[in-house]
Amino acid sequence: MKRWLSAGFIFLFINSVYALPAEGKIQFTLAKILKGDSCPQILKNIPVIVDYHYNFERNMGQAHLRRIKSLDWSETLYPLGLSNYYAFMSDMKPKLIQLDDNEVTVYRIIFHLYKNNQAKLFMMIGEQGNCIMESAPESVDGFA
């Protein structure tokens, strides 16, 4: 009996150590090209801001892309229902955006929130999404 009780406390402790905040705002840097030779250079190393609000008990919530470089933008990212981590994806038609003097078509935005307090952002670029860029992993600290 004591063994089961000890195992239960250890399980609860480990899960509380990695508990994600219910709300967070994360600044990513698009750092890596995963696929495609025609990725716009303007996107390399630009800051992208995403925030999320999530009720982990009910498994409900949303994320939003708020800014790409200096462009304010509010695009809703919907949960995908994966079991190993929290994933969110945009549900939009390809959108042409203006960054400085360049036009870029954003095909899809994907946000991963991992249970170890890390997060990543992926962006599919181009009319067919043939360029895929990835951010470096970032820590999730919640809202300041």
Looking only at residues in the stretch 118-133 that are more than 11 Å from CYS39 (Cβ to Cβ) and modelled with pLDDT under 95, which one is surrounded by the most Cβ atoms within 10 Å (Cβ to Cβ)?
ALA119
Residues (assigned to a strand (DSSP E or B), more than 16 Å from TYR107 (Cα to Cα), of a type outside the set (Gly, Ala, Ser) and touching a Leu at 6+ places or on another chain (Cβ under 8 Å)) located in the stretch 52-86:
TYR52, TYR54, GLN62, LEU71, TYR86
State whether the residues of the stretch 59-76 include one that is out of contact with any strand residue (DSSP E or B) (no Cβ under 9 Å at 6 or more places or on another chain) and loosely packed, with under 13 Cβ neighbours inside 10 Å.
no
For MET92, the lone unmet condition from (1) of a type in the set (A, V, I, L, M, F, W, C); (2) under 15 Å from the mean Cα position of the chain (by Cα); (3) not in a strand (DSSP E or B) is (2)
Would you check which residues across the stretch 56-99 are aliphatic (A, V, I, L, M) and free of Cβ contacts under 8 Å to residues at least 24 places away in the same chain and list them?
MET60, LEU80, LEU82, MET89, MET92, LEU96
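The values are calculated or read from the model by the stated rules, or taken from the named source; none is laboratory data. All values reported here derive from a predicted model rather than from experimental measurement. Neighbour counts run over all protein chains shown; Cβ positions are idealised from the backbone, glycine included.
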